[in-house]
Amino acid sequence: MRDFNGQTLSWQIVDGAIELVLHRDPCNEIGSRTLEELEKFATALPVLTNEVHAVIIHSTKAGFSAGADLRELFQRGQAMEKSAALRGVREFLERIHAVMNAIDAAPLTTIAAVHGVTFGGGFELALACDIIIADRMARFCFPELRLGLIPGFGGIPRLKRIWGMQ
């Protein structure tokens, strides 16, 4: 699939690079629909690597990504019994890890072009890339730490890999 236009993201090949564009209102939260579309991208990526040399991930919204759609996850969890909700969260995390690992392992140069809010899972998506290019207004953080949660998309090991134990 050379190009894709979904509800939350799209991609196309432009001048030998894949442009993956995040465009979910209001600020590219990563929920179930975004995850499904990212999985389509991860599935298409091995075929696309034969045609391109880079992946550029960017946003058309006010920020790069506000991270996981915690509201959606909470509401879905409330509608289930506790064991089913736990299985659903585990499944979501396993699926998003597979996507992040596919981007991280891609044999292409992967670039996150970020601006504005780059929080939580959005920060983790940027960290899965080889290069992060940020404008002056980009803000990075893991707000889930204030809630007593550990960033769940694999960002902490990637952050450690980049900056080490300094």
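The values are calculated or read from the model by the stated rules, or taken from the named source; none is laboratory data. Note that the structure is a prediction, hence the values are computed from the model and not measured. As a convention, Cβ positions derive from the backbone with ideal geometry for all residues, glycine included, and neighbour counts pool all protein chains shown. Side chains are part of the model used for accessible areas, which takes the heavy atoms of the whole protein and leaves out ligands, DNA and RNA. Shrake-Rupley method; radii C 1.70, N 1.55, O 1.52, S 1.80 Å.
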Extension gain, ALA105 back to ALA62 (0.36 nm per residue minus Cα-Cα distance, nm): 12.6 nm
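In the stretch 1-59, what trypsin sites (Lys or Arg not before Pro) fall in a loop by DSSP, with at most 12 other Cβ atoms inside 10 Å?
Sites meeting the loop and neighbour criteria: ARG2.
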Listed residue (GLY63, HIS53, THR8) projecting farthest to the positive dipole end of the chain, Cβ model: GLY63
By accessible area with a 1.4 Å probe, ligands and nucleic acids excluded, highest first: order of VAL89, VAL21, VAL117: VAL89, VAL117, VAL21
Per-residue SASA entry for VAL99, accessible area with 1.4 Å probe, Å² rounded to 10: 0 Å²
For the chain, share of DSSP beta bridges that run antiparallel, in % to the nearest 5: 30 percent
Accessible surface ranking that places the most exposed of ASP130, ASP15, ASP69 first, with a 1.4 angstrom probe: ASP15, ASP130, ASP69
Cα coordinate range in the chain, projected on the principal axes (Å, largest first): 48, 39, 28
Computed [θ] at 222 nm, helices only, for the chain once each DSSP H run of length n ≥ 4 contributes -39500 (n - 2.57): -13000 deg cm²/dmol
Residue among ILE96, PHE140, ALA44 farthest towards the positive dipole end of the chain, charges placed on Cβ: PHE140
Charge dipole (debye, nearest 20) of the stretch 1-119; +1 at Cβ of Lys and Arg, -1 at Cβ of Asp and Glu: 340 debye
Spherically averaged projected area of the stretch 1-44 from its Cα convex hull (nm²): 3.0 nm²
Full-extension gain in nm, ALA85 to ALA44, via 0.36 nm per residue minus C-alpha separation: 11.8 nm
Inter-label distance for PHE4 and GLU72, nm, one decimal - labels placed 7 Å from Cα along Cα-to-Cβ: 1.4 nm
